[in-house]
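The values are calculated or read from the model by the stated rules, or taken from the named source; none is laboratory data. Here the structure is a predicted model, which is why all the values come from computation and not from measurement. Glycine gets a Cβ as well: all are built from the backbone with ideal geometry, and neighbour counts include every protein chain shown. Note: accessible area is taken over every heavy atom of the protein model, side chains too, but ligands, DNA and RNA are not part of it. Shrake-Rupley method; radii C 1.70, N 1.55, O 1.52, S 1.80 Å.
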Amino acid sequence: TISEPPATEIAPLEFNSTDDVVKAISANDLSDYTSSSKEAYEKMFERFRADGFIYNVKANDHVAFTENSKIKLHPDHTLEGMCIKYSVMYQGKKYNVSFRNADMDVIAETDGITEYVRKRWGSNADHEIMIGGKTYTVSNATDGSQIAAMAFIDVTHYIQVIGFESVEEEELTELLDALEYETLSLDTISEPPATEIGPLDYKTTNDVIKA
């Protein structure tokens with residue numbers, strides 16, 4: 001079942017585009033925020049800069065961004081790792097796609113995504129599924145309000161995809177198979193000079209995972 005964590009004390013930062021996200025993290029200008037939230041945002045930006053990139057969902061013929069949705073950067077949370085979150089539509093239904101920074105101490109103490117989720121989130125997975133050679137742990141809310149799947153995508157990050165009311169596991173699985181994502185360098189804006197190396201471009205989720 002899905003554990004329902006307490007509400008995040010620090011609100012996420014919202015952006016209209018990945019360009020805006022990259023610029024904000026690179027500039028590290030937090031002068032407009034209160035001291036209570038500034039520390040959390042500073043730690044979040046520092047972690048993103050240490051990574052040197054952000055994950056980005058790629059819209060395709062099957063997956064589109066939710067109309068008027070914002071890209072959200074969530075600071076670290078007691079139960080949840082900090083993340084960048086996107087809202088997408090697949091076959092008329094809404095999903096949240098989050099790329100979360102894993103807790104390396106918890107990774108060292110666990111074996112695989114299911115154990116990680118159990119220790120980090122305090123919840124048990126209903127079962128596991130394999131998609132594209134990756135193990136996803138699947139959880140259902142007890143009231144049927146949402147279904148979630150999580151899998152490691154590199155040594156320090158995992159993806160979390162949440163479908164809301166009326167989303168069945170088969171539909172979630174189809175989305176996971178259709179979902180494409182990439183990494184965007186924090187040194188890269190949408191139209192970099194010719195001498196710069198642009199963001200990595202992958203055709204499928206499997207290509208990203210293999211890389």
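In the context of the full set of protein chains, region 1-143 has a per residue accessible area of 52 Å² (1.4 Å probe). A simple rule links phi to the HN-Hα coupling: the Karplus curve 6.51 cos²θ - 1.76 cosθ + 1.60 with θ = phi - 60°, which for region 152-166 gives 6, 10, 7, 6, 10, 9, 9, 9, 10, 10, 10, x, 9, 3, 6 Hz, with x for Gly and Pro.
How much net charge surrounds Val97 when only other residues with a Cβ under 12 Å from its Cβ are counted (Lys, Arg +1; Asp, Glu -1)? Local net charge: +4. Computed from the C-beta positions of Asp187 and Thr135, the FRET efficiency with R₀ = 41 Å rounds to 0.80. A simple spin-label model places pseudo-atoms 7 Å from Cα toward Cβ; at Glu128 and Thr66 they are separated by 3.0 nm.
Going down the table (Lys23/Lys43; Lys72/Lys94; Lys72/Lys119; Lys85/Lys119), which pairs top 18 Å between alpha carbons? Let's see the in-between values first.
On the way: Lys23/Lys43 16 Å; Lys72/Lys94 16 Å; Lys72/Lys119 25 Å; Lys85/Lys119 22 Å.
Among Lys23/Lys43; Lys72/Lys94; Lys72/Lys119; Lys85/Lys119, the Cα-Cα distance tops 18 Å for Lys72/Lys119; Lys85/Lys119.
Phi angles across region 13-19 convert, under the Karplus curve 6.51 cos²θ - 1.76 cosθ + 1.60 with θ = phi - 60°, into 3J(HN,Hα) values of 8, 10, 9, 8, 8, 5, 4 Hz, Gly and Pro given as x. Here region 70-182 is treated as a Stokes sphere of Kirkwood radius computed over C-alpha pairs; at 10 °C and 1.306 mPa s its diffusion coefficient rounds to 111 µm²/s. Between Thr156 and Lys94, the modelled label-to-label distance comes to 3.3 nm, taking each label 7 Å out from Cα in the direction of the beta carbon.
Peptides 179-186, 101-108: what's the order by average Cβ count within 10 Å, highest mean first?
179-186, 101-108
3J(HN,Hα) couplings calculated from phi for region 110-118 with the Karplus curve 6.51 cos²θ - 1.76 cosθ + 1.60 (θ = phi - 60°) are, in sequence order, 10, 10, x, 5, 5, 5, 4, 4, 4 Hz; Gly and Pro show x.
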